[in-house]
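Here is the structure we will look at, set down as structure tokens.
The values are calculated or read from the model by the stated rules, or taken from the named source; none is laboratory data. Small disclaimer: the values here were computed from a predicted structure and weren't measured. Note: ideal-geometry Cβ built from the backbone for every residue, glycine included; neighbour counts use all protein chains shown.
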Amino acid sequence: MLKRESCSHILLSDSVDVEYLTGFHSSNVLALISAHRSLLLTDFRYRSAARRFCAKHSQWRFVEIKENGFSALPTHVPRGSRLGIQANVLTVEQFDRLASCCKGVRLVKLSGTVTDVFTAKMPAEVSAMRRAARIGDAAFARIVTELRPGISEHETALLLEEHCRALGSEGPSFDTIVLFGARSALPHGRPGSARLKRGDFVLLDFGCMLGGLCSDMTRTVVFGKASETQTRVYKTVLSAQTVGRKAVRAGVGVAEVDKAARDVIIAAGYGDFFGHATGHGVGRRIHEAPRVAQKSKAVLPPGAVVTVEPGIYLPDVGGVRIEDMVVVTGSGANVLTRAPRQLMEIAA
């Protein structure tokens, strides 16, 4: 990247990307890379950890910084340098401070180029995500046995998170979504005081963390006997999700995957009720590149981990979303989430 972008140095200012690159975790960290030297810059709170890390990983040298880490850069980035920066990460205020600190240095905007480096996951990362997904599968199996009339969305979400932790999750990878009945038509609604009753859709969208890596899954069940409309909507989403998963393969455009799933929903007459992208990348962030969307030009690389999550959301009726997390391979999609996808009618 240094060569391709004609940069003398590249500065990573996003702490998650620094962790991807180095394996070092800090809430205040920079990584400065040149052809000859790689510096890990963090403050006194992480001094001991950074020293141990750099002693073990000799390609990195620790530099202690103050609160404004950019002030340490002039020592290591001389005038006349071309410094590649994460333009899509820096705020306007941070950019101004960086420019002020690095006078005589040309700032080269790299935007998402750096993030693309971390799209394909290493085997150890995939392994952690697979184990996180298995925790989610087991937690789902438990929570569906605890659904009862009158339990609230909020109570159910807390129970679900407790199961995940008891099974080994480090914590939720995002705010758990539990929605009942007509509220399940809110794609990213927040659990509230709504109480479960017979005939409700129950939408569960949640994830676990393991080794700093995320899992993500959604299942929708019916509490009681599914109506004809609920069954028709569910089968449509399941068909779309199955077709979408089968479209995943290294070298395939993400727009093709989106189209494969979306066309099933459109053909069934529900196109106006599927308003979000079909999926997204997952890693140390719950939403990463590539976004599996209609207008994206991205192509799926081998090793990427993405979700496939079409849905139908009918106001006053409810919504269905089925989401799996898959690893992109040359032969297709290696599914990490294994909870049942067939329509589940939970005895009320």
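Do you know which residues across region 259-299 are among the acidic types (D, E) and in contact with a Lys or Arg (Cβ under 7 Å, 6 or more places away or on another chain)? The answer is none; no residue qualifies. Can we say D263 is surrounded by fewer than 24 Cβ atoms within 10 Å (Cβ to Cβ), charged (D, E, K, R) and at positive phi? Considered against the rule, which asks whether it is surrounded by fewer than 24 Cβ atoms within 10 Å (Cβ to Cβ), charged (D, E, K, R) and at positive phi, D263 comes out as no. Scanning region 123-177 for residues that are among the β-branched types (V, I, T) and more than 17 Å from R338 (Cα to Cα) yields T145, I151, T156, T176, I177. Taking the conditions exactly as written (within 30 Å of V16 (Cα to Cα), in the same structural domain as R130 (by TED's automatic domain parsing), touching a Leu at 6+ places or on another chain (Cβ under 7 Å) and touching a residue at least 12 places away in the same chain (Cβ under 8 Å)), does V292 satisfy them or not? No.
Among strands (runs of 3 or more DSSP E) entirely within region 159-229, having at least 3 residues that are over 22 Å from E309 (Cα atoms) and either in contact with a His (Cβ under 7 Å, 6 or more places away or on another chain) or outside the structural domain of L147 (by TED's automatic domain parsing) (or both) singles out no element at all. Against the numbered list (1) within 20 Å of L2 (Cα to Cα); (2) in contact with a helix residue (DSSP H, G or I) (Cβ under 7 Å, 6 or more places away or on another chain); (3) not charged (D, E, K, R), L110 comes up short only at (2).
For region 169-191, residues that are surrounded by 15 or more Cβ atoms within 10 Å (Cβ to Cβ) and without any contact (Cβ under 8 Å) to a residue 60 or more places away in the chain total 9.
The condition (being more than 18 Å from the chain's Cα centre (by Cα), of a type in the set (G, A, S) and not in a helix (DSSP H, G or I)) is satisfied by just one residue among G283, G251: G251. Determine, yes or no, whether S239 is assigned by TED's automatic domain parsing to the domain that holds L213 and assigned to a loop (DSSP other than H, G, I, E, B). In short, no. Is it fair to say D116 is part of a helix (DSSP H, G or I), more than 30 Å from V335 (Cα to Cα) and among the acidic types (D, E)? So D116 fails the test.
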